1. Looking for something more than 23 Å from TYR164 (Cβ to Cβ), in contact (Cβ under 8 Å) with a residue 60 or more places away in the chain and more than 14 Å from the chain's Cα centre (by Cα) - is there at least one such residue anywhere in region 73-87?
2. Select from region 159-184 the residues that are among the hydroxyl-bearing types (Ser, Thr, Tyr) and open to solvent by 60 Å² or more (accessible area, probe 1.4 Å) and write down the one among them that is farthest from GLU124 (Cα to Cα).
3. Report, by residue number, each residue of region 124-143 that is open to solvent by less than 80 Å² (accessible area, probe 1.4 Å) and either of a type in the set (D, E, K, R) or in contact (Cβ under 8 Å) with a residue 60 or more places away in the chain (or both).
4. Say we look at region 57-87 and pick out the residues that are among the charged types (D, E, K, R) and assigned to a helix (DSSP H, G or I); which of these is least open to solvent (accessible area, probe 1.4 Å)?
5. Return the total of residues in region 20-56 being surrounded by 10 or more Cβ atoms within 10 Å (Cβ to Cβ) and in a helix (DSSP H, G or I).
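The values are calculated or read from the model by the stated rules, or taken from the named source; none is laboratory data. These numbers were taken from a predicted model, which means no experiment stands behind them. Quick reminder, even Gly has a Cβ in these numbers, built from the backbone with ideal geometry, and neighbours come from all protein chains shown. Surface areas here come from the heavy atoms of the whole protein model, side chains and all, with no ligands, DNA or RNA. Shrake-Rupley method; radii C 1.70, N 1.55, O 1.52, S 1.80 Å.
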Amino acid sequence: MFSEGFPIELHEEYLKVLSVISKKTVNNVSCGILDGYNSDKEIYYLSDGSEVRFPYRMYFEDDEYAYSSLNNIEKAIYDCIYTRHCDGHIREMHLKRLLATGMQEWFMPYLLRLSSEYVVEIVELLYETIKDRDNQAIQDFCHNNPLLLKCAYIRMTSYWEYYYKERYPKFKPYVGRKLFKECFSPHTNFEKL
């Protein structure tokens, strides 16, 4: 499921999280994981050389009781996994929890992926939470993953154009662009990508 979603040193914690994740799917869909976007080709690199990849969406029900049984590291792993949930409200709740714990490098692939999706409220939450922080760690991560940064920016731009251009007619002040330009990679000329 998410076996390559975390650095190897978190393998035991990941296995604990995996053991408590509900096997019941939302609306009883037949498959708990959807990867129609071939995210196995989306490989994120951490500074220690670890490769991180994870499926596009998951449909396993969120279980607050199971979550409460985990320690802090395990909860952060659970939160990362549930940022890939099919329900945007669940993604947002787990993003809030992640952002409240501080910024670990292994969260960053999940944050970058969320930043390029179609739910503007999640992009706003991410921007509002990190805009006044020291974002050097996430900037370093983005610098080490330039192709994925570019893909995420292009995807975010497409969603703005398709879903939000009417509501936010000017792209320059759009929250998605501000997130990339101010927080993720201030020195990148995204307009020339």
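1. First pass over region 73-87, keeping only residues more than 23 Å from TYR164 (Cβ to Cβ): 73-82.
Filter once more, so that each one left must be in contact (Cβ under 8 Å) with a residue 60 or more places away in the chain: 73-74, 77-78, 80-81.
Subsequent filtering for residues that are more than 14 Å from the chain's Cα centre (by Cα) retains 73-74.
Looking for residues that are more than 23 Å from TYR164 (Cβ to Cβ), in contact (Cβ under 8 Å) with a residue 60 or more places away in the chain and more than 14 Å from the chain's Cα centre (by Cα), one finds at least one in region 73-87, hence yes.
2. At the first step, the residues of region 159-184 found to be among the hydroxyl-bearing types (Ser, Thr, Tyr) are 159, 162-164, 168, 174.
If we keep only those that are open to solvent by 60 Å² or more (accessible area, probe 1.4 Å) too, we end up with 162-163, 168.
Numbers: TYR162: 17, TYR163: 15, TYR168: 13 Å.
The qualifying residue farthest from GLU124 (Cα to Cα) is TYR162.
3. If the condition is that a residue be open to solvent by less than 80 Å² (accessible area, probe 1.4 Å) and either of a type in the set (D, E, K, R) or in contact (Cβ under 8 Å) with a residue 60 or more places away in the chain (or both), then GLU124, LYS131, ASP140, PHE141 are the ones that fit.
4. Let us first name the residues in region 57-87 that are among the charged types (D, E, K, R), namely 57, 61-64, 74-75, 79, 84, 87.
Now narrow it down to the ones that are assigned to a helix (DSSP H, G or I): 64, 74-75, 79.
Working: GLU64: 86, GLU74: 20, LYS75: 52, ASP79: 2 Å².
Looking at residues that are among the charged types (D, E, K, R) and assigned to a helix (DSSP H, G or I), I get ASP79.
5. Number satisfying all stated conditions: 4.
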